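Here the structure comes first, spelled out in structure tokens, and everything after it is commentary.
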Amino acid sequence: MHDAPLMLCAGEALTDMIYQGDERWVSRVGGSVWNVARALAVLGERTAFAGAISRDRFGDALWAASEAVGLDLRLLQRVERSPLLAIVEQGEPPRYFFIGDDSADLHFDPDVLPEYWSRDLRWAHFGGISLAREPLASNLVALAEKLKEQGVAISYDPNYRNLMDERYAPTLRSMAELADVIKVSDDDLRGLFPGVPLDEALRQLRAAAPSAFCLLTRGGQGASLFHGDQRADARAPAVAVVDTVGAGDASVAGLLHSLARHPGRSLQSHLHAALAAGSAACLQSGATPPPPAAMQQLFELLEGDAS
């Protein structure tokens, strides 16, 4: 496979249907894993998205948006099934549900991927609702296990949603144990470990992968990056926020980009890269990839403040 990808994001690409009031709705391309893939591509990484989308206008929009940022489309499958829709009735506090009992995403088939597609792969990212929807979830966990055996580093962002009930616990454990990078927010921890204090929830999650990088985001309270016994803390740079949708996904991409391109950086600098990407994504509406120039400017600002 010519120019095989170096980075992979495998999971869901979907359409957000967002209520605007007065019975008006607007559709937006999205999906947490797909958002990470687009952000990595914009940041210059040779990235593929592996998943399945529908053959209707919703699938066309996802394909076009993937193509626009230079994603490798050879692993993106199109099937004759309905689209996966996220119905967003309310933004803050969020109220949403999903439509897609037999939708396209569930029919992703790893067995028909092109020959030698993973030969150059260095990183693979998983997460989102794709890991809570069968049979897709089992296929993705098996794919992650296979890639780990090949020496591919695994990134995992559970990105908690309300369909992740007690049945999700084995997947959480399996993916955390495979992970070289875990990204989680304080809200994720509350959802994944109900009734457990945040510090204890984080300890339990990190215990599954004690040598992994673990990025904990806390909204306006800043973020922390853990690696073994090391810890770095920082607050996001002040920006004129247009929209926070996709900021967490962008922060994952920023961290992976930093780890891949600058492995010798300090833990603090890797955290700054993640925060810069997340903040840069907030400068635009929707789940839009962070502009590289804005990310670099914010990264330099954070690095300067820390010196």
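Output the strands (runs of 3 or more DSSP E) that fall wholly within the stretch 1-57 and possess 1 or more residues being without any contact (Cβ under 8 Å) to a residue 12 or more places away in the chain, or say none.
Here the list reads 14-21, 24-30.
Just to be sure, is ALA65 of a type outside the set (Ser, Thr, Tyr) and without any contact (Cβ under 8 Å) to a residue 40 or more places away in the chain?
yes
Residue check: is GLU115 in contact with a Phe, Trp or Tyr (Cβ under 6 Å, 6 or more places away or on another chain) and in contact (Cβ under 8 Å) with a residue 60 or more places away in the chain?
In short, no.
If the requirement is being part of a helix (DSSP H, G or I), among the hydrophobic types (A, V, I, L, M, F, W, C) and touching a strand residue (DSSP E or B) at 6+ places or on another chain (Cβ under 7 Å), which of these qualifies: ALA201, ALA260, ALA232, ALA209? Don't jump to the end; show me each part of the working.
Details: ALA201 fails: touching a strand residue (DSSP E or B) at 6+ places or on another chain (Cβ under 7 Å); ALA232 fails: part of a helix (DSSP H, G or I); ALA209 fails: part of a helix (DSSP H, G or I).
ALA260 is the lone residue from the list that is part of a helix (DSSP H, G or I), among the hydrophobic types (A, V, I, L, M, F, W, C) and touching a strand residue (DSSP E or B) at 6+ places or on another chain (Cβ under 7 Å).
Would the stretch 186-198 turn up any residue that is surrounded by 21 or more Cβ atoms within 10 Å (Cβ to Cβ) and either modelled with pLDDT under 95 or in a helix (DSSP H, G or I) (or both)?
yes
Go through ALA50, ALA65 for me and flag whichever is in contact with a Cys (Cβ under 8 Å, 6 or more places away or on another chain) and under 25 Å from TRP123 (Cβ atoms).
It is ALA50.
Sort through SER224, SER269, SER251 and tell me the only one that's closer than 30 Å to ALA207 by Cβ, of a type outside the set (Phe, Trp, Tyr) and without any contact (Cβ under 8 Å) to a residue 40 or more places away in the chain.
SER269
In the stretch 82-136, which residue that is among the aromatic types (Phe, Trp, Tyr) and part of a loop (DSSP other than H, G, I, E, B) is surrounded by the most Cβ atoms within 10 Å (Cβ to Cβ)?
Per the criteria, the residue is PHE108.
When the stretch 84-98 is examined, which residues are found to be more than 20 Å from the chain's Cα centre (by Cα) and closer than 24 Å to VAL112 by Cα?
Those that are more than 20 Å from the chain's Cα centre (by Cα) and closer than 24 Å to VAL112 by Cα: none in the stretch 84-98.
Can you tell me which residue within the stretch 194-215, out of those that are out of contact with any Lys or Arg (no Cβ under 8 Å at 6 or more places or on another chain) and among the hydrophobic types (A, V, I, L, M, F, W, C), is farthest from ALA253 (Cα to Cα)? Outline the logic, then answer.
Step one: list which residues in the stretch 194-215 are out of contact with any Lys or Arg (no Cβ under 8 Å at 6 or more places or on another chain), which gives 194-197, 199-200, 202-207, 209-211, 213.
Retained after the next criterion (residues that are among the hydrophobic types (A, V, I, L, M, F, W, C)): 196, 202, 205, 207, 209, 213.
Numbers: VAL196: 28, LEU202: 21, LEU205: 21, ALA207: 24, ALA209: 20, PHE213: 14 Å.
The residue in question is VAL196.
I'd like to check something: does the stretch 146-159 contain any residue that is outside any helix (DSSP H, G or I), at pLDDT 95 or above, under 25 Å from PHE49 (Cα atoms) and of a type in the set (Lys, Arg)?
No, because not a single residue in the stretch 146-159 is outside any helix (DSSP H, G or I), at pLDDT 95 or above, under 25 Å from PHE49 (Cα atoms) and of a type in the set (Lys, Arg).
Quick test of your reading of the structure: LYS148 fulfils all but one of (1) under 20 Å from ALA209 (Cβ atoms); (2) surrounded by 20 or more Cβ atoms within 10 Å (Cβ to Cβ). Name the failing condition by number.
Failed condition: (2).
The values are calculated or read from the model by the stated rules, or taken from the named source; none is laboratory data. Quick caveat, the model's predicted, so the values are computed rather than measured. Don't worry about glycine lacking a Cβ; one is built from the backbone with ideal geometry, like all the others, and counts go over all protein chains shown.
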